[in-house]
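Here is the structure we will look at, set down as structure tokens.
The values are calculated or read from the model by the stated rules, or taken from the named source; none is laboratory data. Bear in mind the structure is a predicted one, so any value in this text is a computation, not a measurement. Quick reminder, even Gly has a Cβ in these numbers, built from the backbone with ideal geometry, and neighbours come from all protein chains shown.
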Amino acid sequence: MTPIKNEDNKMEKDSKMERKKTYIEAVGRRKTASARVRIVESAKNNFNVNGKSLEDYFKVKELTEIASESLLKSKTPANFSVSAKIKGGGISAQAEAFRLGIARALVIYDNELRKKLKGAGFLKRDPRAKERRKFGLKKARKAPQWSKR
């Protein structure tokens with residue numbers, strides 16, 4: 001039995017594929033936090049982080065500023081609706097991972113923004129992470145108290 005090919009059905013699938021590609025997705029990471037960010041052109045800047053608004057998720061004002069910094073510094077003529085799934089790490093690392101994800105998505109959207117964002121330091125993944133504990137030590141570098149006898 002051979003499947004019946006229908007051109008109209010094929011056209012319908014192609015239009016669905018076009019609708020799916022309306023967003024730009026990028027990943028930002030910091031320490032053990034990772035943020036999967038999607039940006040979509042819209043009428044106004046709208047943030048959705050793990051199903052909550054930006055202010056509800058990042059309750060501290062400084063963290064909301066860090067999270068939305070890359071959009072503000074890029075000064076794009078278009079407004080974006082941003083949604084993200086963030087997991088792992090602490091709240092500060094999550095905000096920085098979110099910022100990196102937005103910056104990477106903006107560069108995919110318009111490569112001209114790369115120079116501004118790179119100059120501001122938003123395209124660099126911060127490599128600092130907690131150092132592992134070594135055997136014979138109490139912490140990564142702290143030695144046990146020395147005693148003469």
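Here are the numbers:
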read-out: Some residue of the range 74-81 being in contact (Cβ under 8 Å) with a residue 12 or more places away in the chain, closer than 22 Å to Asn111 by Cα and assigned to a helix (DSSP H, G or I); value: yes
read-out: Odd one out for Glu41 among (1) of a type in the set (D, E, K, R); (2) exposed (fewer than 15 other Cβ atoms within 10 Å of the Cβ); (3) outside any strand (DSSP E or B); (4) touching a residue at least 12 places away in the same chain (Cβ under 8 Å); value: (3)
read-out: Hey, Lys142 surrounded by fewer than 16 Cβ atoms within 10 Å (Cβ to Cβ), modelled with pLDDT of 95 or more and in contact with a Pro (Cβ under 9 Å, 6 or more places away or on another chain) or not; value: no
read-out: Residue check for Ala129: closer than 23 Å to Thr22 by Cα, of a type in the set (A, V, I, L, M, F, W, C) and out of contact with any helix residue (DSSP H, G or I) (no Cβ under 7 Å at 6 or more places or on another chain); value: no
read-out: Residues of the range 92-124 classified as in contact (Cβ under 8 Å) with a residue 40 or more places away in the chain, surrounded by fewer than 19 Cβ atoms within 10 Å (Cβ to Cβ) and not β-branched (Val, Ile, Thr), total; value: 3
read-out: Any hit, the range 125-139, residues being within 12 Å of the chain's Cα centre (by Cα), surrounded by fewer than 14 Cβ atoms within 10 Å (Cβ to Cβ) and part of a loop (DSSP other than H, G, I, E, B); value: yes
read-out: Residues located in the range 68-99, provided they are within 10 Å of the chain's Cα centre (by Cα) and over 13 Å from Asn45 (Cα atoms); value: Ala84, Lys85, Ile86, Gln94, Ala95, Glu96, Ala97, Phe98, Arg99
read-out: Enumeration of residues in the range 69-91 that are over 20 Å from Gly121 (Cα atoms) and surrounded by 17 or more Cβ atoms within 10 Å (Cβ to Cβ); value: Phe80, Val82, Ser83, Ala84, Ile86, Gly89
